[in-house]
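Notes follow the structure.
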There are 2 protein chains.
Amino acid sequence: MPKTAAPNTPDISPQQAQDFIAIAHQLADAARTQTLAKFRPDGGIAAANKLSAGFDPVTEADQASERAMREILAQLRPQDGIYGEELGKSWGQSGLTWVLDPIDGTRGFMAGTPTWGVLIGLAQSDGATLGAPVFGMVDQPYIGERFWGGFGQARMTGPHGGRELRARAAQQASETLSDAVVFTTFPEVGTLEERALFERVSGAAKLTRYGMDCYAYALLALGQIDLVIEAQLQPYDIQGPMAVVEAAGGIVTNWQGGPAHLGGQVIAAANPQVHRAALALMAQ
Amino acid sequence: MPKTAAPNTPDISPQQAQDFIAIAHQLADAARTQTLAKFRPDGGIAAANKLSAGFDPVTEADQASERAMREILAQLRPQDGIYGEELGKSWGQSGLTWVLDPIDGTRGFMAGTPTWGVLIGLAQSDGATLGAPVFGMVDQPYIGERFWGGFGQARMTGPHGGRELRARAAQQASETLSDAVVFTTFPEVGTLEERALFERVSGAAKLTRYGMDCYAYALLALGQIDLVIEAQLQPYDIQGPMAVVEAAGGIVTNWQGGPAHLGGQVIAAANPQVHRAALALMAQ
């Protein structure tokens, strides 16, 4: 698999790659069932939260979703590590770790929006730290949309069928960003300093959209937008989306152009031109 | 129809009401076909825009969607008026006018998000001005979700089936808004003064979400959120959503508590308690 193999990637045969892709679909299917069961209850989640004595429904859905995925991995890939948002970390013996965000965009989930997602990454790992993802998946259970990339695939399926993922090429004005469509979780997330840097890019762009959570990375991989800029990400927020975007030909780095697979300040770009232009603005 | 009849409503029989609901579904079906044909082209809309010489694809989709709805109305309801975003106004002889926003949330449509919508309102009219809507519909073609209200109905259908719409009741903390979930199109729309008033409510609320366009009103009617606050709306932005929210038991007014059916500064609330609390904060 020359396309995705990095120097430290464990040897993964084409057959194993197919197995990993199939397992990721199983994980996402299981997470769909658990998350949809708690999505949009009568009266909404804030109300449900007030009625039940203790646990909030988002946390319940989050944990049930991660638990369902862990049960499948325990059966099929006990030798791999698991790095989950809700239920902790374990390092396996295989050199591979599944990175799970059972509900990315919990605020959106709580409000009933259809742009939260289940994120699955498969990362290289050396038994103490996560490396870069070799495969990733972004699933939106309510719409029934799934995006995945790695091992030579970059595809989506949804309510109107499936298609290949390809980040869009540079446009005429990519060097100035004046054509660019930018997504972000600001103003909800990030320090004032981070926001000021973001606004340099946003101010130069054609259009900025807010509040789409992980769905923004899916739109970038689908060739619909140019940039996603976020801060304060955890590894499980970015491993899945990063692999999908990279498989679609996009670029994911931190705001200095370095590795982004552990989260922090992340920029995803559709092509080298918009990536370079955005980094230059943020570095000024 | 005592539930929806206002003093100036033309007499509408139960059979006519059923016909109007059926026509609205036909309109939304026709708009779905037209909008989906232009949604998420390869390389995205900004790119498509650069390639074609003149017309931008959002305008094309907008006009094709409105034209398809107008053709149906010309056949089935030539006596009614039409107040459309794209193709102008005409006042009919029936005292009723169809208010059409063929794509609400064009920025979202352009970016490929699934939260734009087709808005249909049926308003009282006296031949020169629009009155309040007696029926409304919010349709999201990509997800395949449709919300409608009026003539005694308040319902939705979507990928996981249908359900009744009911805005949620006051919660314990509704008087202080500390439990409230608020949606808005700020910071994209509105003056600085308007934004400052909005931020009084946003600052008191539990959660604020951005960028969902008309979809926010659907979530309010569905009982998932408490408030939608917007400014600078046109009549066609609010007539459809307003009827859906009111049929679900919610309240839609301007920021002073007066009529909102002509747009401007609009607040939609799930119940009188959150409505009162938000208006009080904005009036201080």
(request) Mind listing whichever residues of the range A:186-221 are open to solvent by less than 10 Å² (accessible area, probe 1.4 Å), part of a loop (DSSP other than H, G, I, E, B) and at the interface with another protein chain (Cβ under 10 Å from one of its Cβ atoms)? (result) A:Phe186, A:Gly211, A:Met212
(request) Mind counting the residues in the range A:162-177 that are open to solvent by 60 Å² or more (accessible area, probe 1.4 Å), within 11 Å of chain B (Cβ to nearest Cβ) and closer than 22 Å to A:Ile229 by Cα? (result) 3
(message) Testing B:Thr35 on (1) within 14 Å of chain A (Cβ to nearest Cβ); (2) surrounded by fewer than 19 Cβ atoms within 10 Å (Cβ to Cβ); (3) modelled with pLDDT of 95 or more, one condition comes back false. Which one is that?
(response) (2)
(request) Under 9 Å between Cβ atoms, at least 6 apart or on separate chains: pull out the pairs that start in the range B:25-48 with a residue that is on the phi > 0 side of the Ramachandran plot and end on any residue that is open to solvent by less than 10 Å² (accessible area, probe 1.4 Å) and assigned to a helix (DSSP H, G or I). (result) B:Arg40/A:Leu219; B:Gly44/A:Leu219; B:Gly44/B:Ala111
(message) Suppose we filter A:Pro114, A:Pro159 for residues that are closer than 26 Å to B:Phe109 by Cβ, crowded, with 24+ Cβ neighbours inside 10 Å and free of Cβ contacts under 8 Å to residues at least 40 places away in the same chain; which single one remains?
(response) A:Pro114
(request) Pull up the range A:59-111, narrow it to residues that are among the β-branched types (Val, Ile, Thr) and touching a residue at least 40 places away in the same chain (Cβ under 8 Å), then point me to the one that is surrounded by the fewest Cβ atoms within 10 Å (Cβ to Cβ). (result) A:Ile72
(request) Would you mention how many residues in the range A:237-258 are surrounded by 24 or more Cβ atoms within 10 Å (Cβ to Cβ) and in a helix (DSSP H, G or I)? (result) 10
(message) Condition first: open to solvent by less than 20 Å² (accessible area, probe 1.4 Å), in contact with a Gly (Cβ under 7 Å, 6 or more places away or on another chain) and more than 30 Å from B:Thr208 (Cα to Cα). Can you find one or more residues in the range A:135-145 that meet it?
(response) yes
(request) Just name the residue that is most open to solvent (accessible area, probe 1.4 Å) out of those in the range A:259-284 that are assigned to a helix (DSSP H, G or I) and small (Gly, Ala, Ser). (result) A:Ala283
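Residue by residue, here is whether (1) under 24 Å from B:Phe183 (Cα atoms); (2) at pLDDT below 95; (3) within 14 Å of another protein chain (Cβ to nearest Cβ) holds:
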site: A:Trp98; (1), (2), (3): no, no, no
site: A:Ala111; (1), (2), (3): yes, yes, yes
site: A:Gly117; (1), (2), (3): yes, no, yes
site: A:Leu122; (1), (2), (3): no, no, no
site: A:Ser125; (1), (2), (3): no, yes, no
site: A:Pro133; (1), (2), (3): no, no, no
site: A:Val138; (1), (2), (3): no, no, yes
site: A:Pro141; (1), (2), (3): yes, no, yes
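The values are calculated or read from the model by the stated rules, or taken from the named source; none is laboratory data. Note that this is a predicted model, so its numbers are computed, not measured. Note that each Cβ is placed from the backbone with ideal geometry, even for glycine, and that neighbours are counted across all protein chains shown. Accessible surface areas use protein heavy atoms only, side chains included; no ligands, DNA or RNA. Shrake-Rupley method; radii C 1.70, N 1.55, O 1.52, S 1.80 Å.
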